[in-house]
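See structure below.
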Ligand code: SAM
Ligand code: SF4
């Protein structure tokens, strides 16, 4: 379906939990987290009902995120349920990969196609500094398992000034040796990111630095596995890197997605308050048709652009939204 700005909405991101086994400093505070109550969190049947309604409206891709999606019990069952919805051709996941080694095979078997893995550093100390837990070895095992299982893997890294800055070249070389596209996500001023004291590295600066190191970055033309808000480049020596320039070059004009939080709020934009609380509706025994109509009406209201740093912004943290 199209929204009022003629953008085609074809992609749903579902946060399946606000729990996480890491505490990345830019995403989740170490303590004092107000967790959703168990009964607030949508069941797999409720999530699937929303997916079914959106699939009828033209959504064909679903990404599971969190919090950390792999800490949700029986997540492989949800993958199978979404995979079985008519019209859904892609079931993807964004994960920190700490628990992926044991689950990659079952996820693939149940219909998962793509996995984006967050890896800000492969160095134990830096990883622990960012994520407040030394799980770098598990993440590496998770990446290997995902590749062996036949999942299409991409890596995500948030470049941070003076923290993982000197590991960026190493991370790129490690990724391209394994045939994995690596994307750099600009630090967004969401939730605790601003108060964390961390500073992001702007994508423009990173591109310049990488051109000096590798030579001219050539726009990557194969869009099949490289769609979405990132701009991709081929490195002269081989390998693909991408940049998500959230702040300087907002991705809003080509935005194709809506989001569902773990407690059932349909978010129309990553960083705007506007949306629709679907949980009461889902728990009132709404029919599939009425759900579809209500969602369609909401999606048409999708805001034109995000509100980073402005008063219209959402106060939710990233772990409550799913990125
Ligand atoms: N736990 C999973 C993971 O880390 O991949 C999924 C959820 S996490 C919220 C999704 C993505 O959001 C991760 O790639 C993470 O690096 C990114 N993220 C979290 N907070 C961010 C921030 N303030 N700015 C930019 N990216 C952020
Ligand atoms: Fe957890 Fe992902 Fe947030 Fe890190 S970025 S704290 S892994 S939800």
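Suppose the Debye formula is applied to equal point scatterers at every Cα of region 34-109; what is log10 I(q)/I(0) at q = 0.27 Å⁻¹?
So the normalised log intensities are -1.37.
Quote to one decimal, in nm, the extra length available between residue 173 and residue 31 on full extension: 0.36 nm per residue of separation minus the C-alpha distance between them.
Details: separation 142, 0.36 × 142 = 51.12 nm, distance 3.53 nm.
In short, 47.6 nm is gained.
Write down the percent of antiparallel bridges among all DSSP beta bridges whose residues are both part of the chain, to the nearest 5.
Expressed as a percentage, antiparallel bridges in the chain total about 30.
Over the chain, what number does the Rg to Rh ratio reach, with both radii from the alpha-carbon atoms and Rh per Kirkwood?
0.94
What is the fewest-to-most order of 7, 161 by other Cβ atoms lying within 10 Å of their Cβ?
Ascending number of Cβ neighbours within 10 Å: 161, 7.
Using alpha carbon centroids, what distance separates region 70-89 and region 171-203, in Å?
Centre-to-centre (Cα) distance: 28 Å.
Bear in mind that the values in this text are calculations on the coordinates, not laboratory data. Computed from a predicted model, the values in this text were never measured in an experiment. Cβ sites come from the backbone with ideal geometry, for glycine too, and all protein chains shown count toward neighbours.
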